[in-house]
1. At 0.36 nm per residue, minus the direct Cα-Cα distance, what do residue 46 and residue 199 gain on full extension? Give it in nm, one decimal, please.
2. Assuming 0.36 nm per residue, please report the length gained on full extension of the stretch residue 139 to residue 90 beyond their Cα-Cα distance.
3. In what order, largest first, do 199, 147 sit by accessible area if the probe radius is 1.4 Å?
4. Taking only protein heavy atoms and a 1.4 Å probe, what accessible area per residue, in Å², does region 131-217 have with all protein chains in place?
5. Name the shape class, rounded, prolate or oblate, that the alpha-carbon gyration tensor gives for region 96-217, where a ≥ b ≥ c are the square roots of its eigenvalues, rounded holds for a/c under 1.5, and otherwise prolate holds if a/b is larger than b/c and oblate otherwise.
6. Could you calculate the contour length gain from residue 152 to residue 1, that is, 0.36 nm times the residue separation minus the distance between their Cα atoms, to one decimal place in nm?
7. Relative to a virtual label point 7 Å from the Cα of residue 110 in the Cα→beta-carbon direction, which members of region 165-204 show backbone nitrogen distances below 16 Å?
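The values are calculated or read from the model by the stated rules, or taken from the named source; none is laboratory data. None of the values given here were measured: they were computed from a predicted structure. Don't worry about glycine lacking a Cβ; one is built from the backbone with ideal geometry, like all the others, and counts go over all protein chains shown. Accessible surface is based on the protein model in full, side chains and every heavy atom, while ligands, DNA and RNA are left aside. Shrake-Rupley method; radii C 1.70, N 1.55, O 1.52, S 1.80 Å.
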Amino acid sequence: LQVAVAIGLALLGIFIGRALAREARNLRVILAGNIESGATIAIVGVALWFLITQSQVPVGASAVLVAMCLAVTAAASSGHTADPRSDPAAKLAARVADFDDLLLIVTGAVLLVFVRGSYGPVPPSLLFAPIGIGVTVAVAGLLLFEHSEGESERGLLVLGAVSLLGGASSYLMTSSLASGLVAGLVWTLVPGRADEVVHREAQKLQHPLVALVLVAA
């Protein structure tokens, strides 16, 4: 399932990148999402630090506490009850929530470089590997999508692009999410039909890949 997880994370990054590109001009919404995410990271991080270092909790129990805190955080972030179509505040909150992943993705990409460092010397350029992978695969996809004919061929090309994002990121031990986000940004901002092709075909891949990610988790 390791391959499926990498591909699923890359696909999730593409969806986030597309949303970011469409809201790129609305800096207030993006900033609000990052503030929300940063506050959550700070509160949960301080709470876990106190529980693990100050309360003499055994290591095994600490892992359970971490899992419980993450579960509570996830449940709280998904607890919107108002209908965005009828409530303007709920609509704005839903847009803000679309961008509360950005800070986590960037932080995770940086932390993965430090984890990689435990295996040996790491060049500083590895921090920019997700950008390089995302841009390279996105450009290749642009060249291929524009000349694709037939639904099955387009689906195969999109699956190949997403697999390449996940595979290259796994090989370099960097963030598949960040690589997918960069590719999604490029496909949405660059003129052409790449964004339309990716959106239509990626929706078919979303549910099975997310199911595999959940099984692995």
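1. Numbers: separation 153, 0.36 × 153 = 55.08 nm, distance 3.85 nm.
Answer, rounded to one decimal: 51.2 nm.
2. Details: separation 49, 0.36 × 49 = 17.64 nm, distance 3.66 nm.
Length gained, residue 139 through residue 90: 14.0 nm.
3. Putting 199, 147 in descending order of accessible area: 147, 199.
4. Numbers: 4390 Å² over 87 residues.
Counting only protein heavy atoms, the per-residue value for region 131-217 is 50 Å².
5. Values: a/c = 1.84, a/b = 1.60, b/c = 1.16.
Since a/c reaches 1.5 and a/b is larger than b/c, the shape of region 96-217 is classed as prolate.
6. Values: separation 151, 0.36 × 151 = 54.36 nm, distance 2.45 nm.
Value of the extension gain: 51.9 nm.
7. Inside the label zone: 175, 178.
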